[in-house]
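The values are calculated or read from the model by the stated rules, or taken from the named source; none is laboratory data. It should be emphasised that the depicted structure is a prediction, and the values quoted were computed from it without experimental measurement. Glycine gets a Cβ as well: all are built from the backbone with ideal geometry, and neighbour counts include every protein chain shown. Side chains are part of the model used for accessible areas, which takes the heavy atoms of the whole protein and leaves out ligands, DNA and RNA. Shrake-Rupley method; radii C 1.70, N 1.55, O 1.52, S 1.80 Å.
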Amino acid sequence: PAEGRLQPSQVGRRTSHDGPPSHNTIIGHSYGSTTVGFAMRDERLPVDDVIFVGSPGVGVEHASDLHVDPSHVYVGLAANDPIRGGRLAEPASLAAIPVIGPMTGLGDIVVDDITGDRPQVFGRDPSVDQFGASQLPTAAGKSLFQGGAHPQSWDPYSPSMRAIGQVAGGPQARV
């Protein structure tokens, strides 16, 4: 799997750095965030910060399950990102969902309106507070009728790009 190739890459970055220890940040967008999450969970990547943008899930229920200090896990999800409503649950798992609050469903998409939990193949929605990640600022982006904001986190000068740069630049870059 792709996540198996991230371990040697990250170890190489860490060990080949001259001088003081490098500050390594790994960023996953969309299903790339799922790959990063699974690799963090299974391979314990040697990184200092993890950023998930527009994520359908990262394979764990809480940021602490990623084997990095949860205060170094960041997530950004634009208000108009279609991924918000598109987290698909495994149909077989739907019968086991405890209903403790109002639920909104559309086909296989199930959202608990109180907790934001979405039973899904890829774990809890990393953008909800219960996940335990630090929220990155995002612009709402294009409306869903205009195609949504899924790629807009990468727009130059956007709030999300500024925040991603500050995290990736390490503690000295943060304002």
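Would you call SER160 in a helix (DSSP H, G or I), in contact with a Leu (Cβ under 7 Å, 6 or more places away or on another chain) and either among the hydroxyl-bearing types (Ser, Thr, Tyr) or modelled with pLDDT of 85 or more (or both)? Answer is yes for this residue.
Checking the conditions here, which among ASP48, ASP65 is in contact with a His (Cβ under 6 Å, 6 or more places away or on another chain), open to solvent by 40 Å² or more (accessible area, probe 1.4 Å) and either touching a residue at least 60 places away in the same chain (Cβ under 8 Å) or not small (Gly, Ala, Ser) (or both)?
Numbers: ASP65 fails: in contact with a His (Cβ under 6 Å, 6 or more places away or on another chain).
ASP48 is the lone residue from the list that is in contact with a His (Cβ under 6 Å, 6 or more places away or on another chain), open to solvent by 40 Å² or more (accessible area, probe 1.4 Å) and either touching a residue at least 60 places away in the same chain (Cβ under 8 Å) or not small (Gly, Ala, Ser) (or both).
Going through SER153, SER127, SER134, SER143 one at a time, which residue ends up being modelled with pLDDT under 80, open to solvent by less than 50 Å² (accessible area, probe 1.4 Å) and under 13 Å from the mean Cα position of the chain (by Cα)?
Of the residues listed, the single one that is modelled with pLDDT under 80, open to solvent by less than 50 Å² (accessible area, probe 1.4 Å) and under 13 Å from the mean Cα position of the chain (by Cα) is SER153.
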